[in-house]
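*Asks:* Next up is a structure, given as structure tokens.
The values are calculated or read from the model by the stated rules, or taken from the named source; none is laboratory data. Being a predicted model, the structure only gives us computed values, none of them experimental. Cβ coordinates were reconstructed from backbone atoms using ideal geometry, including for glycine residues, and neighbour counts include every protein chain displayed.
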Amino acid sequence: MDLEFDQQAEQFRAEVRKFFAEEYPRDLLARAGSGAALTKNDLQRAERALASKGWLCINWPEEAGGPGWDVTRKYIFDQEMQHAGAISPVPMGVIYVGPVIWAFGTEEQKARWLPGIKESTTFWAQGYSEPEAGSDLASLQCRAERDGDDYVVNGTKIWTTLAQHADWIFALVRTSKEERKQQGITFLCAPMDSPGITVHPIITIDGRHRLNRVTFDNVRVPVENRIGEEGEGWKYANFLLGNERTSYAHVAAKRMGMASIEALASSNEQLKDDAAFWDRFNELSIRLDSLDMTMLRVLSSLVDGESPGRESSVLKIMATEIAQNISELRMQVYGYEGLAVLDSDAPNPKAAKAMADYFGGRAQSIYGGANEIQKNIIARRVLGL
């Protein structure tokens with residue numbers, strides 16, 4: 001693998017770096033760096049800054065409104081966005097449902113929904129997990145029954161990220177009982193202000209409100225809001241999950257985290273000569289290099305607009321475990337100072353943010369398909385066991 005970038009790629013890097021240094025909203029960089037809870041306005045302003053350059057939907061095909069970048073430019077852009085400390089686009093619209101609509105939606109659906117995603121005027125939520133169907137998503141029971149030109153939806157979705165901000169939700173619902181539980185699942189899109197949809201906040205251990213429980217009580221969803229064919233939702237879900245699981249890598253941000261840990265630990269009297277700490281640090285650095293190489297291999301093998309396949313499970317495991325290990329190592333550096341996350345007047349805001357990241361990161365190896373499930377996928381579909 002040739003890791004040297006040509007002159008054109010480096011010119012592109014300079015263009016991206018200049019944008020984040022001179023045009024991207026400075027107050028958003030400050031809020032993101034402080035660890036402050038981001039509002040819907042913050043998230044949409046960040047996305048619109050990218051959209052103004054045509055840089056929001058970077059993984060979409062050019063004919064769908066993407067910038068037409070090759071894998072090198074996508075990789076460089078992701079690196080520079082993370083180095084700048086910019087706010088990553090909310091994935092539900094840009095990374096998840098947008099490509100599904102483009103690949104499987106009707107022309108009317110594309111015209112209705114894609115512009116709002118590209119311009120960040122429409123906010124989406126993902127209705128996948130249920131109280132009894134998390135990692136085993138195919139066991140979902142949220143039901144939709146056909147009634148003329150509508151589906152009537154009843155059931156519950158849980159761990160629904162940022163649903164409190166959403167204008168629309170895309171959801172997997174069961175429209176029939178079949179021999180295989182992956183069959184009879186349908187992909188529906190519904191306005192969040194539909195009568196019968198209720199959002200119930202879930203406050204997580206880090207004190208933040210990002211997650212929700214969403215209930216559907218006789219919600220009428222027009223048939224025209226169905227993506228693809230009835231009963232074929234599992235196919236579209238797997239297309240989406242491939243994109244979701246490769247979106248976790250964030251290698252540049254992880255490298256910045258490791259550089260910060262190295263600097264802090266080198267000036268820490270207890271850690272600077274702690275051989276066990278540095279052994280762990282170096283082992284984690286090697287694993288991060290491995291994630292970087294694996295990500296590049298997967299991205300370079302994709303055709304424009306194609307969803308990653310089974311390899312995404314490998315990336316998902318590597319990325320989430322490394323992220324958690326980095327947060328653990330950072331907490332080892334900060335020690336008891338991190339407990340001040342519970343204090344609004346924390347004497348060390350960086351330590352408080354590190355503790356909040358540690359708490360929040362516990363979920364990374366669960367959402368998007370638990371790592372244990374990903375290992376089963378690798379065993380069966382990759383290794384043929």
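*Asks:* Checking ASN376 against (1) at pLDDT 85 or above; (2) part of a helix (DSSP H, G or I); (3) surrounded by 16 or more Cβ atoms within 10 Å (Cβ to Cβ), only one condition comes out false. Which one?
*Replies:* Only one criterion in (1) at pLDDT 85 or above; (2) part of a helix (DSSP H, G or I); (3) surrounded by 16 or more Cβ atoms within 10 Å (Cβ to Cβ) is unmet by ASN376, namely (3).
*Asks:* Mind checking which pairs have a first residue in the range 39-66 that is aromatic (Phe, Trp, Tyr) and a second that is part of a loop (DSSP other than H, G, I, E, B) and buried (at least 18 other Cβ atoms within 10 Å of the Cβ), Cβ under 8 Å, 6 or more apart or different chains?
*Replies:* If the second residue must be part of a loop (DSSP other than H, G, I, E, B) and buried (at least 18 other Cβ atoms within 10 Å of the Cβ), the pairs left are TRP60/GLY66.
*Asks:* Can you pull out the residues in the range 238-257 that are crowded, with 17+ Cβ neighbours inside 10 Å and modelled with pLDDT of 90 or more?
*Replies:* Answer for the range 238-257, where residues must be crowded, with 17+ Cβ neighbours inside 10 Å and modelled with pLDDT of 90 or more: LYS254, ARG255, GLY257.
*Asks:* Shifting gears a bit: Please go through the range 220-237 and give me each residue that is of a type in the set (Val, Ile, Thr) and over 27 Å from the mean Cα position of the chain (by Cα), ordered by number.
*Replies:* Correct list: VAL223 only.
*Asks:* Looking at (1) in contact with a Ser or Thr (Cβ under 9 Å, 6 or more places away or on another chain); (2) in contact (Cβ under 8 Å) with a residue 40 or more places away in the chain, which one does GLU130 not meet, given that it meets all the others?
*Replies:* (2)
Okay, residues lined up against (1) surrounded by 17 or more Cβ atoms within 10 Å (Cβ to Cβ); (2) assigned to a helix (DSSP H, G or I):
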| residue | (1), (2) |
| --- | --- |
| CYS189 | yes, no |
| ASN212 | yes, no |
| SER260 | no, yes |
| ASP273 | no, no |
| PHE277 | yes, yes |
| LEU284 | yes, yes |
| SER290 | no, yes |
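*Asks:* Still on this structure, I have one more. Quick one: which strands (runs of 3 or more DSSP E) sit completely within the range 96-170 and have at least 2 residues that are of a type in the set (S, T, N, Q) and farther than 18 Å from GLY65 by Cα?
*Replies:* Numbers: elements: 124-127, 143-147, 150-158.
Correct list: 150-158.
*Asks:* Restricting to the range 179-216, and then to whatever is within 19 Å of TYR128 (Cβ to Cβ) and charged (D, E, K, R), can you tell me which residue is farthest from the chain's Cα centre (by Cα)?
*Replies:* Looking at the filtered set, the residue picked out is ARG180.
*Asks:* Next question, about the same structure. With the requirement that a residue be farther than 29 Å from ARG297 by Cα and of a type in the set (Asp, Glu), what does the range 1-60 give you?
*Replies:* Correct list: GLU22, GLU23, ASP27, ASP42.
*Asks:* Out of the residues in the range 125-171 that are over 20 Å from PHE239 (Cα atoms) and of a type in the set (Asp, Glu), state the one that is surrounded by the most Cβ atoms within 10 Å (Cβ to Cβ).
*Replies:* That would be ASP150.
*Asks:* Go through (1) charged (D, E, K, R); (2) assigned to a helix (DSSP H, G or I); (3) touching a Gly at 6+ places or on another chain (Cβ under 8 Å); (4) within 18 Å of ARG146 (Cβ to Cβ) and name the single condition ARG220 misses.
*Replies:* Exception for ARG220: condition (2).
*Asks:* Would a scan of the range 40-56 turn up a residue that is farther than 26 Å from ALA163 by Cα and of a type outside the set (Gly, Ala, Ser)?
*Replies:* The answer is yes; a qualifying residue exists.
*Asks:* I would also like to ask the following. Among the numbered conditions (1) more than 27 Å from LEU241 (Cβ to Cβ); (2) within 16 Å of the chain's Cα centre (by Cα); (3) among the hydrophobic types (A, V, I, L, M, F, W, C), tell me where ILE95 comes up short.
*Replies:* (1)
*Asks:* Pairs needed: first member in the range 342-363, surrounded by fewer than 17 Cβ atoms within 10 Å (Cβ to Cβ) and outside any helix (DSSP H, G or I); second member anywhere, modelled with pLDDT under 85 and not small (Gly, Ala, Ser); C-beta distance under 6 Å; at least 6 residues apart or different chains.
*Replies:* ASN348/GLU337
Residue-wise test of (1) charged (D, E, K, R); (2) in a helix (DSSP H, G or I); (3) touching a strand residue (DSSP E or B) at 6+ places or on another chain (Cβ under 8 Å).
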| residue | (1), (2), (3) |
| --- | --- |
| PHE5 | no, no, no |
| ALA9 | no, yes, no |
| VAL16 | no, yes, no |
| PHE20 | no, yes, no |
| ALA36 | no, no, no |
| GLU47 | yes, yes, no |
| GLY54 | no, no, no |
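*Asks:* What residue, among those in the range 104-139 that are at pLDDT 95 or above and of a type in the set (A, V, I, L, M), is nearest to the chain's Cα centre (by Cα)?
*Replies:* For the range 104-139, the residue satisfying everything is ALA125.
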